[in-house]
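Just below is one structure, and these are the notes that go with it.
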Amino acid sequence: MLKALLPAVFAAFVLLGGPGGPQKQGPPKRAPGDAKPAAPPKVTEIDEAALKSLLGAGAGRARPLLVNFWATWCVPCREEFPDLVKIRGQYAAERLDFLLVSLDDPSDIGKAVPEFLSEQRATALPAYLLHAGDDNTAINLVDPDWSGELPATFLYDRSGSLVFKHKGRIKPDELRAALDAALKDKPQEAGAQK
Amino acid sequence: MKKLSAVALLLALSAAFAAQAARATRPATDAKAAVAVGAVVPDFKLPDADGNEHTLASLKGPKGTVLIFVATRCPVSNAYNERMAKLAADYRAKGVNVVGINSNSTEPAAEVKQHAADKGLAFTILKDDGNVVADRFNAQYTPEAFLLDASGKLVYHGRIDNSRNADGVTTSDLRDAIDATLAGRGVANPEVKGFGCSIKRTS
């Protein structure tokens, strides 16, 4: 009986990727100080309507959603990037959606924006560039209390409610506390198995 | 005698309580009461980049006043330098005065002065150390504009126009608001937002 099961157990072992378990996703490990950037990511241009559907205002979602609005010309945006990348690494993708929305000029979509993301090794984050017909509409649909200053970071919980916002450079501890609170308030243990 | 001191104590206590209550409520209401569209903007006093003090009252134009929160290092604000200089020149003749306010704690007065000279910003730029005036206006980004009519009432708040790139401008929100005000009409869109650099406040 046990012998009959062995091939199946072996097959499962191979399918799961051997002793290391499922292959981890994400950039390959590099030695500290190795500054070789990852391949530039694709940045998708969106308008207000696409932004609205990305945010999924009011609708339930599988995971909380963190959105960072930034631009390559914005100094505090650039300064906070390593913290954002670190936070992406600390919260598994199956637990948290995390999007980047650039307010750079659309002409920068092919070069300046992806190159900066690559330098920052932020290539695992879905990246968009907002080219709104009207910025006023876009700003108000994210948050009527937002004036449009960059950077700005918003966290929506599973119900689609805006539960945390921060304008200006993020304070990582404050953001982690908000993320932990949003993740605690969950219907099932998602992403528990590794 | 005992009765009298009890009354005195009671009076003193209630006076102290009243003072405490006033202290507790007054700053809260002041801080919340950011200048709103439709309300008269209270006077304030700030130094310019040379250190000379000006009151808002002394800088008002006879037909209106534009206050723009500006920066020396923000690429968005800098993209508007020529447009702001032209705005000031165009409307000075029509009785509307343009005033810049730099509230960035990272940009010292000497830098503001040099920047204005280099970029041809030929209007008064005030230095708002401690971002007191930015807080009063709830100004958050540069360049963010506030238009006061001849009576000092706030009639427009927001972006200068819809495009950082001067070639892409299709709506000149601030100019439209000034023109409407000069013509005695109401401003069609009194609050229009735009993207800009966050004002670097003293933390």
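The values are calculated or read from the model by the stated rules, or taken from the named source; none is laboratory data. Predicted model only: the values in this text are computed from it and were never measured. Glycine also receives a Cβ, built like all others from the backbone with ideal geometry; neighbour counts cover every protein chain displayed. Side chains included, ligands, DNA and RNA excluded: accessible areas come from the protein's heavy atoms. Shrake-Rupley method; radii C 1.70, N 1.55, O 1.52, S 1.80 Å.
In table form, for the structure just shown:
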{"read-out": "Positive-pole candidate from B:Cys74, B:Pro42, B:Gly61, dipole of segment B:36-198, charges at beta carbon", "value": "B:Gly61"}
{"read-out": "For A:145-155, mean number of other protein chain Cβ atoms within 10 Å", "value": "5"}
{"read-out": "Test item: Cα-centred dipole of segment A:38-183, Lys/Arg +1 and Asp/Glu -1 on Cβ, debye", "value": "580"}
{"read-out": "Shielding by partners - mean other protein chain Cβ count within 10 Å, residues of A:70-80", "value": "3"}
{"read-out": "Computed magnitude of the charge dipole of segment B:149-203 (debye, nearest 20; Cβ of K, R +1, Cβ of D, E -1)", "value": "320"}
{"read-out": "Segment A:38-183 - percent of accessible surface contributed by carbon and sulfur, probe 1.4 Å", "value": "52"}
{"read-out": "Interface area, A with B, accessible, probe 1.4 Å, both sides summed, Å² nearest 100", "value": "1500"}
{"read-out": "Which listed pairs, of A:Lys52/A:Lys111; A:Lys111/B:Lys127; B:Lys127/B:Lys193; B:Lys45/B:Lys94, have C-alpha distances above 32 Å, in listed order", "value": "A:Lys111/B:Lys127"}
{"read-out": "Electrostatic dipole magnitude of segment B:44-183 [Cβ: Lys, Arg +1; Asp, Glu -1; Cα centre; debye, to 20]", "value": "260"}
{"read-out": "For segment A:38-183: accessible area per residue (Å², 1.4 Å)", "value": "39"}
{"read-out": "Paramagnetic reach from B:Phe44 (point 7 Å along Cα→Cβ, amide N under 19 Å) across segment B:88-125", "value": "B:97-110, B:112-113, B:123-125"}
{"read-out": "Heavy-atom surface of segment B:36-198, accessible at 1.4 Å and reported per residue (Å²)", "value": "41"}
{"read-out": "Exercise: per-residue mean of other protein chain Cβ atoms within 10 Å, B:196-203", "value": "5"}
{"read-out": "Drop in accessible area of at least 10 Å² in the complex versus isolated chain, residues of segment B:128-145, 1.4 Å probe", "value": "B:Gln140, B:Tyr141"}
